[in-house]
Structures are given as C-alpha cells and as structure tokens.
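**Q** This is the structure I have questions about; it appears just below.
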Amino acid sequence: NSELLALLRQLQKSCPHAAPAAPLDQLAFSILQDLPRSEAMAIFRKLQATFVDWNDLRVARRAELARLLDPLPDADERALRLRTLLGKLFELRGSMDLSFLTEMKTTEARRQIQALDKGLSRITVDTVLLAICPGAPLPNLPGALRSARKHGLTGRGDARQQLQKRLQSELSPADAAALLLCLDALAGDSGRSRKRPAAPAKAKRKGKKRA
C-alpha cells in the first residue's frame, strides 16, 4: 500500500463530512452547495437512505424529492434540476453510469458532463473528471493544497503540480478524487460547499433624538 492510500483510509475515518467522491454522488451532491458541509451531508445521506439508487431517485415524484430537499432554498426547482440531470444521463446510455467517459478525451468528457446540467460548477466538473479519467487536471481546491502541504505531500514550488503527479502515479482515479476531497474537508473551507453568508446587520440610525 502506498503512503497516499494509507492516508486516504485514515482521512475517510476522520473526515465524515468530506464531499462524496463517486462521480454520480458528486453530481447529486452538487445541488447542496448552498448549505454548510455538515447539513449538506445530512441531506445527502437522507437521499441515499430513501432511494434504492440514483435511478430510483430519477423516477421519484418531484414533490417527494422537494420535501427531502426542503432546507434548501428553491427546493422544488432543485428537485427538478436533479431529476433532469439524472434523466439526461439515463438517456445517453440507458443506465446510470459515467464509465463511458473513460473512452473519451478529457475535453469531450468535460463537455458531456457539463451538458447534464448547466449549473454545475467548474470544481464539480473537474472533480468528476478526476474520479473517472486518468490524467485529468487537478481541480482548483486551495484548501486541499494547504492540507497536502501540512501532511508533507508537497514541497516548495508548484504544490498543485506536485500533488497531481503523486495522485496519478500512486492512486487510481477514484481514490485520487476521494483523497483530494478528504484533504479539502480537512481544511474546512471547501470550494464546493460553503456556508450561506449571514444577513447584513441593520445600520443604526445616527443623529440626535428629537425633543
């Protein structure tokens, strides 16, 4: 076992709120970006517990799915978005599987993922690619790079390039994506799932009181 694989197994136990690394899980999780990480994972696990698999969710009633997503803003619209995304994937190959992307060049695989949902972030698309396609570029996750540096995985110079070389040489694409997301969760400020900004405080009125 490599050093990176051992670290991955360790972090998977200590980072319960790390974003899921499996490609289909990432796509489903992407609609939870507006929530703090712990809340997003709670809803994601509720979806997994309610439906047999993502195909079961694909054919679920929109109202049922919206109730499960209720803490999210615009839950009904997001329920439609998730069902539409999964429906488009099913129409491509008649199954809920992204492994066909391994047969494509990275640019074409990226285009196929983006076509599933126009609202997917660049980080989500890049991380899905990393989990599927050998040689895919590393997503821009500064938190993951900071954690990698703390664990001695990178040295001086271009940390992103160093980490990418190690991931590609020591881990499978699926494990590389999982380790990157665990490192990002460890940093506590993922680019994928941020806390909603607090409402601005009301400005206090200045001036003298009237007599």
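The values are calculated or read from the model by the stated rules, or taken from the named source; none is laboratory data. Keep in mind the model is a prediction, meaning the values are calculated, not measured. Cβ atoms come from the backbone with ideal geometry, glycine included; neighbour counts cover every protein chain shown. Just the protein is used for accessible areas: all its heavy atoms, side chains included, with ligands, DNA and RNA removed. Shrake-Rupley method; radii C 1.70, N 1.55, O 1.52, S 1.80 Å.
**Q** It is to be established whether one or more residues within segment 21-29 are farther than 18 Å from Gln112 by Cβ and among the acidic types (Asp, Glu).
**A** No, there is no match, as no residue in segment 21-29 is farther than 18 Å from Gln112 by Cβ and among the acidic types (Asp, Glu).
**Q** Here are some residues: Ala109, Ala177. Which one is within 15 Å of Pro23 (Cβ to Cβ) and in contact with a Cys (Cβ under 6 Å, 6 or more places away or on another chain)?
**A** Every option except Ala109 fails the conditions.
This table checks each residue for (1) modelled with pLDDT of 90 or more; (2) crowded, with 20+ Cβ neighbours inside 10 Å; (3) not in a helix (DSSP H, G or I).
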| residue | (1), (2), (3) |
| --- | --- |
| Thr84 | yes, no, no |
| Glu108 | yes, no, no |
| Gly152 | yes, no, yes |
| Arg156 | no, no, yes |
| Gln161 | yes, no, no |
| Lys165 | yes, no, no |
| Ala178 | yes, yes, no |
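**Q** Then there is this: Considering segment 110-125 alone, what residues qualify as being outside any helix (DSSP H, G or I) and open to solvent by 70 Å² or more (accessible area, probe 1.4 Å)?
**A** Lys118
**Q** Pick out the one residue from Ala66, Ala60, Ala75, Ala22 that is touching a residue at least 24 places away in the same chain (Cβ under 8 Å), touching a helix residue (DSSP H, G or I) at 6+ places or on another chain (Cβ under 8 Å) and not β-branched (Val, Ile, Thr). First the steps, then the outcome.
**A** Values: Ala66 fails: touching a residue at least 24 places away in the same chain (Cβ under 8 Å); Ala60 fails: touching a residue at least 24 places away in the same chain (Cβ under 8 Å); Ala75 fails: touching a residue at least 24 places away in the same chain (Cβ under 8 Å).
Of Ala66, Ala60, Ala75, Ala22, the one residue that is touching a residue at least 24 places away in the same chain (Cβ under 8 Å), touching a helix residue (DSSP H, G or I) at 6+ places or on another chain (Cβ under 8 Å) and not β-branched (Val, Ile, Thr) is Ala22.
**Q** Considering only residues that are among the aliphatic types (A, V, I, L, M) and not in a helix (DSSP H, G or I), look in segment 2-53 and name the one that is surrounded by the fewest Cβ atoms within 10 Å (Cβ to Cβ).
**A** Val52
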